[in-house]
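Notes follow the structure.
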There are 2 protein chains.
Amino acid sequence: MTVDRRKLIIEAAAKSFALFGYKATTMDQVAKIAGVGKGTIYTFFANKEELFQEIMNKLIQEMKRVAEEVVDPERKFFDNLHRVLERLLDFREEHELAIKLTQEVKEIGTQMAQEGIQQIEKAVVGYIRIQVKKAVDKGEIKPCDPEITAFVMLKLYMALTADWKKSHEPLGKGQVAELLPFYLQAGLAPD
Amino acid sequence: MTVDRRKLIIEAAAKSFALFGYKATTMDQVAKIAGVGKGTIYTFFANKEELFQEIMNKLIQEMKRVAEEVVDPERKFFDNLHRVLERLLDFREEHELAIKLTQEVKEIGTQMAQEGIQQIEKAVVGYIRIQVKKAVDKGEIKPCDPEITAFVMLKLYMALTADWKKSHEPLGKGQVAELLPFYLQAGLAPD
DNA sequence: TGAATGACTAAATTTCTATTTTGGTCATTT
DNA sequence: AAATGACCAAAATAGAAATTTAGTCATTCA
């Protein structure tokens, strides 16, 4: 068995998308890095978009794996929630592809990069939704719409981490870890 | 006393910014609508930016007035909160200048339009912060950082109204009115 | 003989330059 | 002294020319 050309292409594409973003990655580039002819890419992927999709799916899969590592059924729901969100946002901050796509959206507004980021967010909400549902079933939190609740949780987390620091001194991780359950678990109603 | 040229200019500028946005509004245009010479504008405002600032301040003032109309000290805090946010977001949706600026930021990313929108949000958070502080003092809600709390409230409201509908069926006003206190007042902790 | 290839093309993007528009000034007018 | 609009440098736009790129396919290998 000779080398797995499909794998070579995927690895080369992942590297290039992470390094240069979606738009600045050319099919010639990918072929060159992979050490294959350009035509070969098109025997595996119909077009650039599908190749990108493959890389995004792999990324989301990896994020799910990373999230799973940190969830501990023994712990309280809000404890797990914070650990997962922190891990995922850290991951997103560390992962070159996610960084590059975010940057690309802000700087040149590439449509595909935009869609890539949305896919990641959708996957994260989907993951949290499952955790919310479990927590509701276990009676750990009140009955609620899991989709809306998961959405609210991600948005609140992103507001406290990413949005807040655009106009204020950033909140420490400890503070965020306190604020999330402060607002969403206990609520603001006086005792 | 002859006509108030300053007022003519402000009215013309307000009309033009709302109709064409920041970038597409020219000083010649404003002068023409106001029926004054272009040089006259510069006897009142140092440059285009300052003229825009004047219009933005007027808009924010008007929003504050509109918000005040709806706050009733007899009502519960969360009731007032929803009424104010709804009124303000409605206002923003109705008000041509706010619409135009939002559109301009999305379409051509004009810096000044961006800053204009940010000013509006900052003013809204500032207004809510005062209400939060009052509510804390009255013991209507738990002690909390008013700035962070106001920020969280606006973000959550925008998440439920604007962000949610980007990927889902929009939530009705009644639903939003229920969800806001559901998450922030009562909290998700089981009874 | 079928998988791999890279020269090729139409379309998209970028670069370059000529032209127009615009924010701001200031000598003149009212 | 307040108002003005012709004027100017700088910025924005338009559009032609040159380059790049996604995707194809006849040819080449293994």
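Observations, loosely collected:
- Of everything in the stretch B:1-50 that is within 18 Å of the chain's Cα centre (by Cα) and within 13 Å of DNA strand C (Cβ to nearest atom), the residue that is farthest from the other protein chains (Cβ to nearest Cβ) is B:PHE17.
- The stretch B:73-92, residues that are within 20 Å of the chain's Cα centre (by Cα) and not hydrophobic (A, V, I, L, M, F, W, C): B:ASP79, B:ASN80, B:HIS82, B:ARG83, B:GLU86, B:ARG87, B:ASP90, B:ARG92
- Filter result for B:LYS76 (more than 13 Å from DNA strand C (Cβ to nearest atom) and within 14 Å of chain A (Cβ to nearest Cβ)): yes
- Residue in the stretch B:22-36 that is surrounded by fewer than 17 Cβ atoms within 10 Å (Cβ to Cβ), under 20 Å from B:ILE117 (Cβ atoms), away from DNA strand D (no atom under 12 Å from the Cβ) and modelled with pLDDT of 95 or more present: no
- Applying the criterion of at least 1 residues that are at the interface with chain A (Cβ under 8 Å from one of its Cβ atoms), touching a helix residue (DSSP H, G or I) at 6+ places or on another chain (Cβ under 8 Å) and surrounded by fewer than 19 Cβ atoms within 10 Å (Cβ to Cβ) to the helices (runs of 4 or more DSSP H) found wholly in the stretch B:145-191 leaves B:146-158, B:164-167.
- Test: residue in the stretch A:130-139 that is under 30 Å from B:THR110 (Cβ atoms) and among the acidic types (Asp, Glu): no
- With respect to the conditions (1) part of a helix (DSSP H, G or I); (2) of a type in the set (A, V, I, L, M); (3) surrounded by fewer than 16 Cβ atoms within 10 Å (Cβ to Cβ), A:ILE120 falls short on a single one, namely (3).
- Residue pairs whose Cβ atoms lie under 7 Å apart, separated by 6 or more positions or on different chains, with the first residue in the stretch B:68-89 and without any contact (Cβ under 8 Å) to a residue 60 or more places away in the chain and the second surrounded by fewer than 18 Cβ atoms within 10 Å (Cβ to Cβ) and among the aliphatic types (A, V, I, L, M), are B:ASN80/B:VAL71; B:ARG83/B:VAL70; B:VAL84/B:VAL70; B:VAL84/B:VAL71; B:ARG87/B:VAL66; B:ARG87/B:VAL70.
The values are calculated or read from the model by the stated rules, or taken from the named source; none is laboratory data. Bear in mind the structure is a predicted one, so any value in this text is a computation, not a measurement. Cβ: placed from backbone, ideal geometry, glycine included. Neighbour counts: every protein chain shown.
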